[in-house]
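*Asks:* One structure follows; several queries about it will come next.
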Amino acid sequence: MDLGLLAAGLASGLALAGAVDAAVDLSAWDPRESGYPVARLGAALCLGHDDGDVLATAIVTYGRRPGRSAWGHTSLRFLACESQQLVDVELEYYRMDPSIERWFGKRFRDEAWVRDESYLRQQHGKLVLVRNERPADGGFYATELVKNREVIEAWMPWDADVQRAVYRTFVDRHALQIDTLRKKVPLVGHDYAPMGTNCTLHVREALGIAAGHPGEWIGSVFPVANLQMLREADGVRLVLHPSPHAARRIVEDGQLATSTDHLPTPIWRRGLDSQSREVVESALADAVPVIVKWLLESEDAATQQ
């Protein structure tokens, strides 16, 4: 992929032209029913890999919702290796507010800083990183799908050095942020701004790193606009985790499509009819994470060469 061209296209905000197929992935709809397939099927992927090796990186777009998420939400997801174990990490930017206080309270329940209401209130309005472990197997995707909000992944064709650099930038930034919170000193960095330093910040930073311009922000403050441009970029592989609304469209004649060129981004959505729900639910036990399937196929192809 010509990353310079991608960078220019994202910065210009050109309208989407054409359509690109996305693979359909049901494995995160109900990870318990699917047997936690990322960990189960991907267990051997990191054997022989060094710490910090990144197998795959996705720019993730969550469907639009009324209110603050009217233009969607975005994150970065990494399948990486640590101690030769597969690590599935999602990093999101949010505005520090009571809901994020509650998130930190659950994640770090045994630490004193999460109970210091005065200190945390002073941090309100800052842009903070949230780290989700196992977003697919752990149910983070499922929570959004239940809200009838599709999750669309753009798996990037970045080389190993770029992926490692992007991964380390934001994993280390998150660790430094948590250390700052533990010390109960004021957070440094950006304030949240809906049309500026918002949930897209690290995505735009990552695109800058990939384009050879670290420190430069490339792309739009609107997650759906970035998704539209990524659809047209060479080498990007799309995966749709369908919401009930999206699933209606990919169930035909009692069968579930394995790919689609329609990536819905409506604010208002319909639910599944009973027949379509039966088709979806019958497919869950055999659902395979598309990215893990692709990685295993790539590994097999490399072994056979």
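*Asks:* Any residue in the range 175-195 that is closer than 27 Å to Pro242 by Cα and without any contact (Cβ under 8 Å) to a residue 24 or more places away in the chain?
*Replies:* No - not one qualifying residue is present in the range 175-195.
*Asks:* Now a separate question. Taking Gly63, is it within 15 Å of the chain's Cα centre (by Cα) and of a type outside the set (Phe, Trp, Tyr)?
*Replies:* yes
*Asks:* If you don't mind, another one. How about the range 35-46: which of its residues are in contact with a strand residue (DSSP E or B) (Cβ under 9 Å, 6 or more places away or on another chain) and assigned to a loop (DSSP other than H, G, I, E, B)?
*Replies:* Gly42, Ala43, Ala44, Leu45, Cys46
*Asks:* Still on this model: Can you tell me which residue among Gly67, Gly72 is crowded, with 23+ Cβ neighbours inside 10 Å, modelled with pLDDT under 95 and of a type outside the set (Phe, Trp, Tyr)?
*Replies:* Of Gly67, Gly72, the one residue that is crowded, with 23+ Cβ neighbours inside 10 Å, modelled with pLDDT under 95 and of a type outside the set (Phe, Trp, Tyr) is Gly72.
One line per residue, one yes/no per condition, for (1) closer than 28 Å to Val146 by Cα; (2) crowded, with 20+ Cβ neighbours inside 10 Å:
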site: Gly215; (1), (2): no, no
site: Glu232; (1), (2): no, no
site: Val239; (1), (2): yes, yes
site: Gly254; (1), (2): yes, no
site: Thr258; (1), (2): yes, no
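*Asks:* Just one of the numbered conditions (1) surrounded by fewer than 20 Cβ atoms within 10 Å (Cβ to Cβ); (2) part of a loop (DSSP other than H, G, I, E, B); (3) hydroxyl-bearing (Ser, Thr, Tyr); (4) in contact (Cβ under 8 Å) with a residue 12 or more places away in the chain is not true of Tyr94; which one?
*Replies:* Every condition holds for Tyr94 apart from (2).
*Asks:* If you scan the range 229-274, which residues turn out to be in a loop (DSSP other than H, G, I, E, B), under 22 Å from Pro31 (Cα atoms) and among the hydroxyl-bearing types (Ser, Thr, Tyr)?
*Replies:* Those that are in a loop (DSSP other than H, G, I, E, B), under 22 Å from Pro31 (Cα atoms) and among the hydroxyl-bearing types (Ser, Thr, Tyr): Ser243, Thr258.
The values are calculated or read from the model by the stated rules, or taken from the named source; none is laboratory data. Remember, predicted model here, so these are calculated numbers, not experimental data. With ideal geometry, Cβ positions are generated from the backbone for all residues, glycine too; neighbour counts draw on all protein chains shown.
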